[in-house]
Every structure is written in structure tokens, then in C-alpha cells.
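The values are calculated or read from the model by the stated rules, or taken from the named source; none is laboratory data. Computed from a predicted structure; not experimentally measured. For neighbour counting, all protein chains shown are included, and Cβ atoms are generated from backbone atoms with ideal geometry for every residue, glycine included.
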Amino acid sequence: MSFVTPPPKTTPSGKISIIVTGRVKAGKEEILTEVLKNNRKRANSDEEPGTLSFRVTRRLDSEGKFSPVFVVIEEYASDAAFKEHLAGPGFEGFAKALKEHDFFEDGSLSIDYVDDI
């Protein structure tokens, strides 16, 4: 997908860790939740052995209720494992749903590569 910026060429740990944050348009939260749950199920299974962790979360408001901001936290054993995830059916399903449903408010999607210190 064109919105996925390439990861750094190297990281101190050798892993690829990503935090994806985006504000979802009103009324699209439920369908995005289902799409991400399906992606998470595959990513955290034996079908993606290089995926160390794939968490789907939502930011909470001051009352402890879900806000429209989704945060996905991903960790891959290597760049090759990350590329395998991007080429797999879980991510392909997400990319297709993104085109069909235009989930995110303009300019709200951010992708940050991080590493342990």
C-alpha cells in the first residue's frame, strides 16, 4: 500500500516495531474493528511465524470509553517477516477494506517505527 512508509534499513534490535494511529470517521468503527480483528487473528497465528505481536487497541476518553482513535501495535522478528505480513491475506483484506470504506479522517493516519531502548 502506498501509505505504508518503508521501515528503517536497520534497527538496534533487528526487529521491526510499528505503531499505527488513525482517527476513524463516524459510523465506521464497527466495520474497522472486524477487519482489524481478522487481521490480528491471522497475524498472531502460526500462519505468520515472524509476527511476534499484533495488538489492536483504541484510545480511551476521560470517562474510559472508546474514542474514534485506533492504535495498532505490531512487532516483527525481521524486515522479511514484516514484508511477509504485508504480502499476506490479512493485510490484503485490510487494504481492500480501506479502499472500499475510506475509514480514516484525512491526515489522521500515522505510522511510527520504534525500537526498544
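Tabulated results
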{"read-out": "Residues of segment 69-99 satisfying the condition of being of a type in the set (D, E, K, R) and either surrounded by fewer than 18 Cβ atoms within 10 Å (Cβ to Cβ) or closer than 24 Å to ARG23 by Cα (or both)", "value": "GLU74, GLU75, LYS83, GLU92, LYS96, LYS99"}
{"read-out": "Residue that is under 12 Å from LEU32 (Cα atoms) and either modelled with pLDDT of 95 or more or among the aromatic types (Phe, Trp, Tyr) (or both), where the choices are PHE103, PHE82, PHE66, PHE91", "value": "PHE103"}
{"read-out": "Hits in segment 102-112 (condition: out of contact with any helix residue (DSSP H, G or I) (no Cβ under 6 Å at 6 or more places or on another chain) and of a type outside the set (Ser, Thr, Tyr))", "value": "ASP102, PHE104, GLU105, ASP106, GLY107, LEU109, ILE111, ASP112"}
{"read-out": "Residue in segment 44-51 that is small (Gly, Ala, Ser), crowded, with 16+ Cβ neighbours inside 10 Å and over 13 Å from the mean Cα position of the chain (by Cα) present", "value": "yes"}
{"read-out": "Filter result for THR57 (of a type in the set (Ser, Thr, Tyr) and surrounded by 16 or more Cβ atoms within 10 Å (Cβ to Cβ))", "value": "no"}
